[in-house]
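Note sheet for the following structure.
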Amino acid sequence: MHTITNFCINESFNHFSFPSHASHVSSQSPSPFEPAFYHQAKGVPEWEQAMKNELDALNANNTWDIVKLPKGKKPISCRWVYKVKLKADGLVERFKARLVAKGFTQKEEIEFHETYSPVVKFTTVRSLVALAVKNHWDIHQFDVNNAFLHGKLHEEVYMRLPPGHENTSQSLVCKLKKSLYGLKQASRQWYSKLSEALHQQGYKHSPNDHSLFLKNNGSSLVIVAIYVDDILVTGNNTEDIFKLKAFLHDKFQIKDLGFLNFFLGIEFKKVKDGMVAHQTKFIKELLQTYNVHDTTSVTTPLPYQDRFVLFGTVFEPIQQNTLTTSS
């Protein structure tokens, strides 16, 4: 999470007002329950459907073969991870169930080798947004469905059958053919697959940030920023941008999120002559986490009613009051 306090590319920022957390957080309905274990999700229609969708995607991707465990091999375990995906306004977008391998049991040099994978720097994102705003370019945003599943797996890795799998035989395991979330090399394999596809389309990565790709043909410029499976695209050639979208959707199945709205925990809002980035949603969640979302907001970081007197070389308050009070 990148915390920002003042990030504004806008000449009329003073005319933009953020919603009061006191009036919005307290009225926000709580998020649906997120199970921690399979037995908690079993029997709940939303989570059953989410798990089915995940298994269907894994099977369609030819992620594994069901085989008998060879002698001398030890399979790694796996588990379900459940997440309620929320929109920027706090409403439920979808229920997501992800099958995650317990990669911490993998043996180095046998079941994995290199693991490092670059992600776009936040300073690069700021510069990209500033460039797009200055040149009046639209910033397109999309993510890749089950991104890690597209990475090829070169090592021999066996995994136990997922909880809830229709085949309950104790002697059968999954021989992984594609990368899976939780594997130590998963992120690296996905980056390798995506960068290879972009290179085929004429994009070259920046020497200053290997998750920033550019395609420059004369007066045409298209820029791609990648943070794992979240992708931003901008530039002055709309035709090339839509060609790139079509290519990536055909190769990986992407979800088009429209224009830049929410990225890396930052909310982006278009205003007159610019764009404002803020973290209202993050602040709301932080207040709820520490159970202070019902406190009354104040206009100053210090109690305004305190009186100060000169004592030595510093000013000290006569009395100490709390900064926030319960509403």
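The values are calculated or read from the model by the stated rules, or taken from the named source; none is laboratory data. On a predicted model such as this, the values are computed, not experimentally measured, just so you know. All Cβ positions, even for glycine, are placed from backbone atoms using ideal geometry, and neighbour counts span all protein chains on display. Ligands, DNA and RNA are stripped out before the accessible areas are found, and what is left, the full protein with its side chains, is counted by its heavy atoms. Shrake-Rupley method; radii C 1.70, N 1.55, O 1.52, S 1.80 Å.
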Working only within the range 70-97, note down all residues that are loosely packed, with under 14 Cβ neighbours inside 10 Å, assigned to a strand (DSSP E or B) and hydrophobic (A, V, I, L, M, F, W, C). VAL92
HIS165 vs. criteria more than 18 Å from the chain's Cα centre (by Cα) and open to solvent by less than 80 Å² (accessible area, probe 1.4 Å): yes
Let me confirm something: among VAL120, VAL125, VAL133, VAL129, which residue is of a type in the set (A, V, I, L, M), part of a loop (DSSP other than H, G, I, E, B), under 24 Å from GLN279 (Cα atoms) and modelled with pLDDT of 90 or more? VAL120
Please work out which residue is surrounded by the most Cβ atoms within 10 Å (Cβ to Cβ), limiting yourself to the range 172-202 and to residues that are without any contact (Cβ under 8 Å) to a residue 40 or more places away in the chain and at negative phi. SER179
Considering only residues that are loosely packed, with under 15 Cβ neighbours inside 10 Å and of a type in the set (Phe, Trp, Tyr), look in the range 222-276 and name the one that is farthest from LYS193 (Cα to Cα). PHE259
Pairs needed: first member in the range 29-53, closer than 20 Å to VAL100 by Cα and aromatic (Phe, Trp, Tyr); second member anywhere, at pLDDT 90 or above and part of a helix (DSSP H, G or I); C-beta distance under 6 Å; at least 6 residues apart or different chains. TRP47/ALA41
May I ask you to list the residues in the range 163-193 that are assigned to a helix (DSSP H, G or I) and in contact with a Lys or Arg (Cβ under 9 Å, 6 or more places away or on another chain)? GLN189, SER192, LYS193
Being of a type in the set (A, V, I, L, M), modelled with pLDDT under 85 and surrounded by 11 or more Cβ atoms within 10 Å (Cβ to Cβ) is the requirement here; does ILE9 meet it? yes
Can we say SER211 is touching a residue at least 60 places away in the same chain (Cβ under 8 Å) and open to solvent by less than 20 Å² (accessible area, probe 1.4 Å)? yes
